[in-house]
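Nothing in this text is a laboratory measurement; each read-out follows from the coordinates by a stated rule. Worth saying up front: this structure is predicted, and the values here are computed from it rather than measured. Counting neighbours? That spans all protein chains shown, and the Cβs are built from the backbone with ideal geometry, glycine included.
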Amino acid sequence: MEKIGDLKQRGHTLEAVEYMDECIEEIGTRSSANNDDLKVSATILTIMPNPTNDLAKVLLSEDHDIPSLLLLDAYGRTVQVFDIEPKQTMMNLNTSGLNTGVYYLSPSNREGIPVRFAVLH
């Protein structure tokens, strides 16, 4: 995993990934024009457990602006699209029909970066 400073030098503003209790959290970061330090603004999207086998819980921040989530396979192909309501903060993701492998859940409006998760059967 790259360090925050390396990402900042390359111009990234949304790239911090943190492992916590078998779930990957994508953490939005923003840098201030007056401050060189990156500051954590909000957790946008969380999937747990990760890896999962049949059912995963997707948690969204309360202030998200995500109209839909794209389920992508390891090659970036869209597997499924989930519509999200404006105030929706949780969704169950049935993975029983997916093959074992790596998948991504990506906000359709590019708010945040895709969350990688694994399906094991």
Which order results if Lys87, Lys57 are arranged by neighbouring Cβ count within 10 Å, fewest first? Lys87, Lys57
Neighbour cut-off at most 13 other Cβ (10 Å), DSSP loop, chymotrypsin sites (Phe, Trp or Tyr not before Pro), the range 57-121: Tyr75
Each residue of the range 112-119 in turn: what ³J(HN,Hα) in whole Hz from Karplus with 6.51, -1.76, 1.60 and θ = phi - 60°, glycine and Pro shown as x? x, 10, x, 9, 8, 8, 10, 10
Cα-projected label distance for Thr100 with Asp65, points at 7 Å along beta-carbon direction, nm: 4.2
